[in-house]
Each structure stands twice: as structure tokens, then as C-alpha cells.
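What follows is a set of notes on a single structure, which appears directly below.
Read-outs throughout are calculated quantities, based only on the coordinates presented, and are distinct from any laboratory measurement. Because the structure is predicted, anything quoted here is derived from the model rather than measured. Don't worry about glycine lacking a Cβ; one is built from the backbone with ideal geometry, like all the others, and counts go over all protein chains shown.
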Amino acid sequence: MNLKRVASLVTGLLIGLVGCTSIPPNIPPSGSIIPGDGKVQVTPSVSYTYEELAIAPVVAWSLKGILENSLDQLEIFQQPLILYFVYQPFAPNWSVEEAKLDDNTYYLRLQAKRFRIGGDGEAMMVLKRRALQLQHARGFNAYRILDYSEGIESSTPVSQRYSQGIVQLVRADALPARSTGEDEPEASQPQRVMTK
């Protein structure tokens, strides 16, 4: 059997097994045929989304001959429509996963597209934009970024950038009082509070 058939067979089996064990909550599906919120957990540290499993045969076919041929001889570069679907130029650069820690604190994890051009410095901007959306949707006056980090997850075949942060939404009565400066002998440390 060639690589394309093996990849198709494995992908079909995995999707079939996942489909038999759980029913996605959006039946009948609205929008995409492939649900974007599910994952297949292979090992404790490796998981694949349904979209990644569905695209695996196309990626395997497109990489066929990559070691034997020059880049211009690869089938993927001879058929640009396939390259378009792998690269997905109009998809957002960052996906956001969100978990509510308590009534006013959220954990946000951003993950960059594997194939993209630029967008490496956008993570903080995307995190602030999502925090502002949460602030307005929940009726808070401001937000604080309690923790923030960025990194790169090394995975096969391409590494992927990620960013994560903890955001606390703040009401008006919890904001630090503004002083006139007359009673304070020395300047206090500024707090990192983001408002409109």
C-alpha cells in the first residue's frame, strides 16, 4: 500500500472511532461539516482536532516525494489550489481557548496557525481584545492582566507559537482610588489596569 492509502485508512478509522463514541452537540451541523470544538486525545500530551485529522491525507499526499525532488517538482506546488487549502490565507492567525476560573477571572490560551506569514507580535493585542470583549459583555469597568507568557511548542512537522494569560475583570469600586498627590509622601507603584 502506498502512503496516501495508509494515511486515508488511518484517518478514516480514527474519525469513525471518534464518531462512534460521541455525538457532537451541533447535530445537524451548522456551518462547517467538521466540528471545530472536538479533539482526539492520542496520548496525554498529543491531541488532534477533527480538522487536522480530516486534512491529514491531503498533507500526506502533498509531501510525497519531498526528499527525492526539488521544491518546484512537488505536486503541491504544481497544483496551487491544494496549497491554498493547506495555508488557509483568510483564516485568523490566532485561535483563542478560554476557561472561566471564577466569577471575574479568565484563563486565555492563544495558539497560532501552523502555516502563516507574520503575526508573531499579535498575541498580546489579541489577548487584550478578548479581555475587552469579556469586560463589555459582563458589564465590568476594566480588566487586569495578572499573568502573561509566550512560547513555542515543538511538534512534528511544524512548531507552533502559543500565548497564555490570566485576565481579571474589575468593577468600578475595586479600581484604585485616584489621589491628588497632596497626602502621599512618595509615589506608589502603578497597577496595570486596562480601561477604555
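Over the alpha carbons of the range 94-174, what is the largest minus smallest coordinate on each principal axis, giving the biggest first in Å?
49, 21, 16
Thr43 versus Asn2, label points 7 Å from Cα toward the beta carbon: distance in nm?
Placing both labels 7 Å beyond Cα along the Cβ direction yields 3.0 nm.
Taking H as built 1.01 Å from N, whose amide H comes closer than 5 Å to the amide H of Thr105, not counting residues under 5 places away?
Here the answer is Leu169, since their amide H atoms fall under 5 Å of that of Thr105.
Report the gain in length on full extension from Val10 to Asp102: 0.36 nm times residue separation, minus Cα-Cα distance, nm rounded to one decimal.
Values: separation 92, 0.36 × 92 = 33.12 nm, distance 4.06 nm.
In short, 29.1 nm is gained.
Determine, from the Cβ-Cβ distance of Tyr148 and Asp120 and an R0 of 22 Å, the FRET efficiency 1/(1 + (r/R0)^6), rounded to the nearest 0.05.
0.90
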